[in-house]
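Heads up, the thing below is written out as structure tokens.
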Amino acid sequence: MFPKGTKRKFSDSGEEAVSSGDQGPASPSVAARTLSSSYSLQRQSLLDMSLIKLQLCHMLVEPNLCRSVLIANTVRQIQEEMTQDGTWQIMTQALAAAQCPTDRLVATEVLCRQTDAAAQAGQSPKPYSVVGVEEGYHSEEVVMEGDVETDVTMSTLSPVSPQLSSASYLAGPFGMGPCWEEEEEDGECEEEEEEDSEECVSEGEEGDGDHLSADSRTGEQVFGTFEIKHPAPPPDPALEELFSDVDPSYYDLDTVLTGMQSAPKMGPYDLLDSLSSHGPTALSSSSSCRSDLNELDHIMEIIVGS
Amino acid sequence: SNSVRSDSHQFVFSADIISTVEFNYSGELLATGDKGGRVVIFQHEQESKNRPHLRGEYNVYSTFQSHEPEFDYLKSLEIEEKINKIRWLPQQNAAHFLLSTNDKTIKLWKISERDKRAEGYNLKDEDGRLRDPFRITSLRVPVLMPMDLMVEASPRRIFANAHTYHINSISVNSDHETYLSADDLRINLWHLEITDRSFNIVDIKPANMEELTEVITAAECHPHQCNVFVYSSSKGTIRLCDMRAAALCDRHSKFFEEPEDPSSRSFFSEIISSISDVKFSHSGRYMMTRDYLSVKVWDLNMENRPVETYQVHEYLRSKLCSLYENDCIFDKFECCWNGSDSAIMTGSYNNFFRMFDRNTRRDITLEASRESSKPRATLKPRKVSTGGKRKKDEISVDSLDFNKKILHTAWHPKDNVIAVAATNNLYIFQDKIN
């Protein structure tokens with residue numbers, strides 16, 4: 001259910017948890033929350049986890065509709081709150097800024113920091129995915145020239161993003177980890193034997209990167225209705241800095257939606273509905289994802305000239 | 001005493017996991033359904049004359065395969081054979097009838113006894129082989145001879161192809177002629193004699209599935225008013241509907257919802273408010289709902305809040321993030337009334353189950369496990385320690401085994417006998433008769 005690679009231990013830093021319903025002192029105001037990076041990190045972790053849970057890669061049995069609806073509602077709530085306190089717009093603005101040629105250097109610097117981290121981790125630097133916000137707008141990642149399908153960047157993003165995401169989980173820009181209680185026993189975390197096994201088996205690979213690219217695809221599948229507002233004028237570089245550890249393409253749901261061209265654009269419950277009544281199945285959509293990856297690899301080889 | 005604790009990593013054949021438990025109207029029979037599609041019926045044996053101070057025990061009466069796994073070729077998906085619910089019909093003759101359902105198909109089963117056999121047929125001999133008619137020289141009347149009791153289960157009706165989504169509830173109407181079945185988005189009304197059509201009485205499917213934010217989680221017919229039923233939702237609401245008002249009961253007669261406490265709002269508020277079970281009291285005056293952390297009793301005449309709220313495991317409120325991560329937050333616990341509606345029972349984790357006395361407001365936590373359940377031994381109350389200091393015999397929240405969940409419990413309609421399903425084991429507990 002929960003991909004093993006992303007299982008985490010959290011230390012109790014004593015901060016308020018996203019989940020705690022019985023806050024001792026008064027709940028933080030929205031303004032205070034905006035400043036609380038640990039809360040933002042927890043919220044984003046919760047968003048990530050929810051998107052992973054919504055992976056509809058069931059091989060055999062139909063997904064539990066009630067569970068899917070509750071998780072999707074949770075994601076909506078997070079998105080609404082992030083929209084209200086400006087976090088969502090900031091991320092989309094960061095994306096837009098990274099696309100402007102004049103801002104390339106800034107964006108590149110920001111992005112290359114991540115790429116360096118990936119290189120240190122032993123991976124060859126891969127092009128970083130920066131994708132357009134407006135529908136239909138696709139751009140190649142910053143450091144390369146020419147237009148290539150966004151699909152390319154989505155796949156090549158895979159190996160890089162887990163470093164970022166785990167970086168954002170483990171130590172945010174302010175050095176605080178999310179403060180959920182530790183998983184005490186293995187028993188708590190064991191996957192149920194129910195039909196809810198949601199490993200993206202069809203992807204065929206165990207790496208975190210594939211899980212995350214599947215997450216992105218899941219975001220697309222599930223959140224067809226979540227539209228990113230068009231970005232405002234160029235953002236504050238300081239704010240970009242704030243979210244430099246965040247993998248923007250991953251959270252840009254609308255981008256994700258438009259990124260996977262070959263997958264049919266379906267709303268979240270279209271997919272659920274089609275699973276339960278008629279039409280394409282999870283199997284077919286995941287197999288198309290797989291062929292996308294092969295195609296992208298091929299394109300990458302041409303570009304890189306290997 | 002056995003001091004070895006059970007291994008929390010015990011391997012269990014998943015097909016043996018009990019998925020529903022239900023007493024019949026008299027309490028003489030107890031049915032269980034499991035993940036493998038089997039139904040096992042237990043029968044209460046008469047008290048022994050030698051030991052009148054003990055109630056009789058429940059022994060296996062009948063076992064049969066109710067549902068088989070199916071494959072939906074259109075959608076390339078398996079349909080699980082797991083029995084989601086069993087509901088008994090009131091007994092009208094010597095045979096017993098029950099409804100059992102998986103995600104898609106409801107079946108009416110007849111369970112009948114055979115303890116006599118006819119012998120002395122004219123046209124066939126004792127082995128069943130046909131006799132040569134020309135060799136028959138005289139006629140005889142077949143005689144009924146006693147035989148070992150045989151209990152036969154035969155499917156009498158199959159109610160199929162009426163549910164696009166997964167069936168979560170079935171409920172027999174007080175008219176004893178109709179019953180309702182509910183899936184995530186629709187509720188259908190059936191006549192027990194008619195299998196090729198049903199009436200759709202509730203449909204909450206939006207035109208655009210992208211707009212779906214709420215599903216039906218449980219439904220039940222009123223125990224006395226055959227035109228009234230309720231259904232609960234994933235948003236913590238209950239709607240009471242009157243079938244006389246309209247053919248399609250999309251508009252409710254009553255709407256039950258407790259206002260949210262703004263100070264305890266979190267991202268998990270909606271999930272933990274989702275109602276996993278709804279049960280009318282035997283009297284028909286109240287109904288009980290189970291959400292993730294509590295059980296609520298509602299007076300049917302008061303829609304704006306429950307009249308009683310019982311905390312099942314409030315210590316889990318600070319653990320909701322972990323429980324969301326391991327999916328336990330989506331566990332669907334059931335609840336049940338005792339025969340006089342004075343007590344209610346529901347399950348929890350670590351094989352614990354909770355009972356609440358509505359009159360005295362006392363509650364008790366008990367454990368259904370081999371170690372703590374020697375035959376004839378009295379169950380010892382359990383306690384979960386929530387503070388820093390753990391007293392002796394208490395168990396800390398972090399030591400709870402979340403794989404050992406008690407989702408299904410049943411209370412005898414008349415006596416103080418309860419059935420508790422703990423994964424693949426069935427426990428039957430009864431009061432000692434003084």
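Residues are listed down the side, and each one gets a yes or a no for (1) open to solvent by 30 Å² or more (accessible area, probe 1.4 Å); (2) within 22 Å of B:Ser274 (Cα to Cα); (3) aliphatic (A, V, I, L, M); (4) away from every other protein chain (no Cβ under 14 Å):
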residue	(1), (2), (3), (4)
B:Tyr310	no, yes, no, yes
B:His313	no, yes, no, no
B:Leu320	no, yes, yes, no
B:Leu323	no, yes, yes, no
B:Cys335	no, yes, no, yes
B:Asp341	no, no, no, yes
B:Asp363	yes, no, no, yes
B:Glu367	no, no, no, yes
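Assess whether B:Leu123 counts as being modelled with pLDDT under 95 and in contact with a His (Cβ under 7 Å, 6 or more places away or on another chain). No. Here the strands (runs of 3 or more DSSP E) wholly within segment B:64-173 that include at least 2 residues being touching a Lys or Arg at 6+ places or on another chain (Cβ under 8 Å) are B:96-101, B:106-119, B:143-159, B:167-172.
Considering only helices (runs of 4 or more DSSP H) fully contained in segment A:1-101, which possess at least 3 residues that are at pLDDT 65 or above, open to solvent by less than 20 Å² (accessible area, probe 1.4 Å) and under 30 Å from B:Ile216 (Cβ atoms)? Quick ask: steps written out before the conclusion?
Details: elements: A:30-35, A:37-53, A:65-84, A:87-99.
Helices (runs of 4 or more DSSP H) meeting the threshold: A:37-53, A:65-84.
Residues in segment B:225-256 that are among the hydrophobic types (A, V, I, L, M, F, W, C) and open to solvent by 20 Å² or more (accessible area, probe 1.4 Å): B:Cys226, B:Met243, B:Ala245, B:Ala246, B:Ala247, B:Leu248, B:Phe255. Can you spot a residue in segment B:243-263 that is polar (S, T, N, Q), within 14 Å of another protein chain (Cβ to nearest Cβ) and under 28 Å from B:Thr178 (Cβ atoms)? For segment B:243-263, residues polar (S, T, N, Q), within 14 Å of another protein chain (Cβ to nearest Cβ) and under 28 Å from B:Thr178 (Cβ atoms): absent.
Any residue at all in segment B:112-120 that is at pLDDT 95 or above and closer than 30 Å to B:Asp203 by Cα? No, segment B:112-120 has no match at all. Note on segment B:203-217: residues that are in contact (Cβ under 8 Å) with a residue 24 or more places away in the chain, in contact with a Phe, Trp or Tyr (Cβ under 9 Å, 6 or more places away or on another chain) and either loosely packed, with under 14 Cβ neighbours inside 10 Å or outside any loop (DSSP other than H, G, I, E, B) (or both) amount to 2. In segment B:300-311, the residues that are farther than 12 Å from B:Arg285 by Cα form Cβ pairs under 8 Å with partners that are of a type outside the set (Asp, Glu) and loosely packed, with under 13 Cβ neighbours inside 10 Å, at six or more places apart or across chains, as follows: B:Glu303/B:Phe255; B:Asn304/B:Pro259; B:Arg305/B:Pro259.
The values are calculated or read from the model by the stated rules, or taken from the named source; none is laboratory data. The structure displayed is predicted, hence computed values, not measured ones. When we count neighbours, we look across all protein chains shown, and the Cβ atoms used for this are built from the backbone with ideal geometry, even at glycine. Remember, those area values only see protein heavy atoms, side chains included, never the ligands or the DNA or RNA. Shrake-Rupley method; radii C 1.70, N 1.55, O 1.52, S 1.80 Å.
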